[in-house]
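Input: a single structure, listed below in structure tokens.
The values are calculated or read from the model by the stated rules, or taken from the named source; none is laboratory data. This structure is a prediction, so every number in the text was calculated from the model and none was measured. Every residue, glycine among them, receives a Cβ derived from its backbone with ideal geometry; neighbour counts consider all protein chains shown.
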Amino acid sequence: MVPISALQQKEKAIQLAWSHYQALPSFDNFVEFALLLNSLTDFLIDKSLTGLLHASRQLEQQALALFGDEASHPVSAKVMEELSQRVARLGELLRHYAGVSEMLQERREQDGAPLPEVQPVTAHVSLIGEAGTHWEELVSQLGYFGISVHQGNWEMPTADDADDSVFLVDLGGLAISSWLGALNQLRERRPLAQIICLGVPEDFVALDRALRAGADHCLTQGTPLQRVVGQVLERNGSSEQDPYRVLVVEDSRTAARVICRSLEENGIATRVLHDPSLSLAAIRQFQPDLILMDMYMPCCTGVEAARVIRQHDEFLSIPIVYLSGETDIGLQVDALRLGGDHFLTKPFNPVVMNAVVKSKIDRYRALRRSMLNDSLTGLLNHTSTKQALAVALEAVQNGGDSVAVAMLDIDHFKGVNDSHGHPVGDQVIRSLAWLLKQRLRRGDIVGRYGGEEFVLGLVGVSPADAKEILDRIREDFSRISFSVPGGSFRVTYSAGVAACLDCQPRCLEALLEAADEALYVAKRQGRNQVVLSGHLSCCQPHASLF
């Protein structure tokens, strides 16, 4: 879901910054304006808001072309007027669609609050194109993932229509001339939506025209149903993530303030360290995604500080970007060889600095995800799941919410691989992972434990409620159809649930073993069911549960 409040705050900040520049057209005020535009554009890219992104990026590019220096400002009266018109237009777009989204959110809230233990319907998808029976299976499959579907022909939505987060546009069998105008119109009217075109010919021109007209993604003719479902789920999934964190190691307090201000305007959390000898403790406490390191400081150089940091294995992958007035290319190359990842020469363009910082952090976080998450499903991997559960149990000991632990296993999965091949088996695993992510809360622990086995930690949920939740998900999973040559098939899962009365981190292995035993009871009793174990006390052996 798009965080509308953040969109409103950014719109107000841009309008205010432009007003300041109009009143006092100095270089510093223009830098402030350009930074805010850069922040908005990055935000829209992150949220995949293609329609709004077009207007924001055009204004950002014009501002960056006029960036210049002190002598470049004020800009001419003609340019000032042109910029004012574009700022006003962008503001209108942002305010209009933020207002529409707020109104629709209020309508949804009036429809009744969802049960706290299960996620509500996560999207209202629209299917646009020539209606037909070929849509029925897609509508049915999306419904199992909690996604309602509105079907229509080529009528374009109006401002009063539901603000669907995803539009599926069926272009199958149609000439470009018959859908191009409608696709442009849809993008103009729904800049906040994700647009996925279906049935696009495997032709460069058709793909290019659809993407230029505003499509976020194109699926060509013959794309399997499960891939279409996957695209909807991925596009509709939450893109929320923790703020980027940057440790600024800079002895100059003035320079540190300028750097932090630029980063924080882009939503990046910062911490300043004036003494590099304290960097190890600061890294452990702040857990930065990147270190901005001044090259020359009184007690040591940035290279020397980086070499000390790199002596610690847990800090080897944290990007280090040097900041310095040093222009000697040879010295810059040596600095990069000795532990650095990038070199920014002072005075630096703050927009370029933000772009470098974000790109380095994106790669760093992607590397961390590859280490912590399962590559097939994107869920936590075996080790990360156990670590997350241990943290949750420690929180229970300190007065936090209780945790119900569940172990799931797909029934007769070997038969799926033997009959249909491992790629189809992978799709079954991914589908269960998608369903669990859609239906459980963000604070719950969802991990792939290995093969076709999953482990869950449901926070603040009683064992009985956990069983009920998993039963509902189990029923929907059993209705999902997987297409294969010559037909389709369905699968089920079994699960065991365990919880303890006096949870401590040392209870983890006993809890997992109790959940595993409950799972095998479910298997022995005929599969496709959830079995609840008794309460586990860490003072008692789990074998007494059954």
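Points to keep in mind about this one:
- The strands (runs of 3 or more DSSP E) falling completely within the range 430-546 that include 1 or more residues that are under 23 Å from residue 229 (Cα atoms) and at pLDDT 90 or above map to 445-450, 453-459, 487-489, 493-500.
- The set of residues in the range 388-429 that are of a type outside the set (Asp, Glu), within 26 Å of residue 533 (Cα to Cα) and assigned to a helix (DSSP H, G or I) comprises 388, 389, 390, 391, 392, 393, 395, 396, 397, 413, 429.
- Filtered residues of the range 394-411 (kept if surrounded by 17 or more Cβ atoms within 10 Å (Cβ to Cβ) and modelled with pLDDT under 85): 396, 402
- Filter result (at negative phi and in contact with a strand residue (DSSP E or B) (Cβ under 7 Å, 6 or more places away or on another chain)) within the range 327-345: 327, 332, 335, 336, 340, 341, 342, 343, 344, 345
- Filter pass, residue 245 being over 21 Å from residue 322 (Cα atoms), of a type in the set (Lys, Arg) and surrounded by 14 or more Cβ atoms within 10 Å (Cβ to Cβ): no
- Taken together, 248, 232 contain a single residue that is on the phi < 0 side of the Ramachandran plot and part of a helix (DSSP H, G or I), which is 232.
- Residues considered: 437, 414. Of these, the only one that is among the basic types (Lys, Arg), buried (at least 18 other Cβ atoms within 10 Å of the Cβ) and not assigned by TED's automatic domain parsing to the domain that holds residue 145 is 437.
- Any hit, the range 213-221, residues being among the aliphatic types (A, V, I, L, M) and assigned to a helix (DSSP H, G or I): no
- Test: residue 338 is crowded, with 16+ Cβ neighbours inside 10 Å and either without any contact (Cβ under 8 Å) to a residue 24 or more places away in the chain or of a type in the set (A, V, I, L, M, F, W, C) (or both): no
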